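The values are calculated or read from the model by the stated rules, or taken from the named source; none is laboratory data. Note that this is a predicted model, so its numbers are computed, not measured. All Cβ positions, glycine included, derive from the backbone under ideal geometry; neighbour counts span all protein chains shown. Please note that ligands, DNA and RNA were not included when accessible areas were found on the heavy atoms of the full protein model with its side chains. Shrake-Rupley method; radii C 1.70, N 1.55, O 1.52, S 1.80 Å.
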Amino acid sequence: MNIIVLMKQVPDTAEVRIDPVSNTLVREGVPSIINPFDENAIEEGIRLVEKHGGRCTVLTMGPPQAEEALRRALAMGADEAVHVCGREFAGADTWATSYTLAQAIRQLGEFDLIICGKQTFEGDTAQVGPGVAEQLGIAQATYAIEVQIEGRKMRVKRVLEDRYETLEVRLPALISVVKQINEPRHPRLKNVMAAKKKPITVWGVDDLDARPNLIGLAGSPTSVVRIFAPERHHKGEIIEGETPVVVDKLIEKLRQLEAV
Ligand SMILES: Cc1cc2nc3c(=O)[nH]c(=O)nc-3n(C[C@H](O)[C@H](O)[C@H](O)COP(=O)(O)OP(=O)(O)OC[C@H]3O[C@@H](n4cnc5c(N)ncnc54)[C@H](O)[C@@H]3O)c2cc1C
């Protein structure tokens, strides 16, 4: 099994600071972590390789400090790490991110399965996984809570809002995983130390077969115009009770407001 895991490093804080000029996140001095859903994606990749053999490669597009997150993935047990890095890739929206990652995956060669997290704790769009699958023209199954592989067939149990759904998908394919799929392992100290010396492949804009007008800010059809914390409104009122009673009370309230 040749598995590629897409991993993003995100700020380890809810209190993100926004650069008012560039409208991008201030990363300097902010502790970073592997995006939590991507820890599950890495764990699932390692488990499938332990079960079926093969290799697990972790791929990220990110600033230089993302190397730290790649080394943690290697310490968890990933076999290889690839870092797409360079100012030309900065400011990418989900389209440009998907395109760049798809080009990097093409360059990595043959693969059987791509695993990504359900979404990041940063842009939070859940668009990159499906975007990469679309760029590569492969099948996708999102919100996976269970994965079984037999030969070239994969059974994926998905979590939907009100039920589960099981799909059968032909490999190669892409899945996005939810937190409940597994419990990520904590790397042992000796593996953390060993991972510090492991080689990481770094690809800059000259190493990647990607069209300059399709990467980074230049290649992004969407741009974040303004990021701001929404105003806090005064607390609303909770109307307790059985539905019919609640509805009556609500209508009464609305009438009173209308009369004001
Ligand atoms: C506050 C904020 C709002 C934003 N809003 C938008 C928006 O509305 N539209 C838009 O197009 N862009 C937006 N962006 C930019 C967007 O965050 C980036 O494009 C980002 O690279 C990917 O989007 P995401 O974080 O939503 O990822 P998601 O689509 O939520 O990520 C899903 C999975 O894809 C993989 N993945 C995502 N990014 C990478 C990466 N760089 N390297 C490797 N794997 C990765 C991970 O496995 C991740 O779990 C926003 C950014 C911020 C900070």
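Residue under question is Ala90, and the condition is that it be at pLDDT below 95 and of a type in the set (Gly, Ala, Ser); does it hold? It is true that Ala90 is at pLDDT below 95 and of a type in the set (Gly, Ala, Ser). Every condition in (1) touching a residue at least 12 places away in the same chain (Cβ under 8 Å); (2) hydrophobic (A, V, I, L, M, F, W, C); (3) under 21 Å from Glu67 (Cβ atoms) is met by Leu189 except one, and the failing one is (1). Can you name every residue in region 148-158 that is closer than 25 Å to Thr97 by Cβ and open to solvent by 20 Å² or more (accessible area, probe 1.4 Å)? Arg158 - this is the single residue of region 148-158 that is closer than 25 Å to Thr97 by Cβ and open to solvent by 20 Å² or more (accessible area, probe 1.4 Å). The C-beta contact set for region 80-100 (first residue without any contact (Cβ under 8 Å) to a residue 40 or more places away in the chain, second residue in a helix (DSSP H, G or I) and more than 10 Å from the ligand (Cβ to nearest atom), distance under 9 angstrom, 6+ apart or interchain) comprises Ser98/Ala133; Ser98/Glu134; Ser98/Gln135. Remark: pairs (first residue in region 117-134, closer than 19 Å to Ala73 by Cα; second residue in a loop (DSSP other than H, G, I, E, B) and open to solvent by 40 Å² or more (accessible area, probe 1.4 Å); Cβ separation under 6 Å; 6+ apart in sequence or on different chains) = Thr120/Lys8.
May I ask you to list the residues in region 103-132 that are within 11 Å of the ligand (Cβ to nearest atom) and of a type in the set (A, V, I, L, M)? Matches in region 103-132: Ala104, Ile105, Ile114, Ile115, Ala126, Val128, Val132.
If only residues of region 6-32 that are within 21 Å of Gly216 (Cα to Cα) and β-branched (Val, Ile, Thr) are counted, the one that is modelled with the highest pLDDT is Val10. Taken over region 124-135, residues that are of a type in the set (Gly, Ala, Ser) and either open to solvent by 50 Å² or more (accessible area, probe 1.4 Å) or at positive phi (or both) amount to 1. Within region 139-159, residues that are within 14 Å of Gly117 (Cα to Cα) reach partners that are buried (at least 18 other Cβ atoms within 10 Å of the Cβ) and among the hydroxyl-bearing types (Ser, Thr, Tyr) with beta carbons closer than 6 Å, at six or more positions or on different chains, in the pairs Thr142/Ser176; Arg158/Tyr143; Val159/Tyr143.
Of all the listed residues (Gly117, Gly77), the sole one being surrounded by 21 or more Cβ atoms within 10 Å (Cβ to Cβ) and at pLDDT 95 or above is Gly117.
Taking region 52-74 as the search range and keeping residues that are assigned to a helix (DSSP H, G or I) and free of Cβ contacts under 8 Å to residues at least 60 places away in the same chain, which one is least open to solvent (accessible area, probe 1.4 Å)?
Filtering first and then ranking leaves Ala66.
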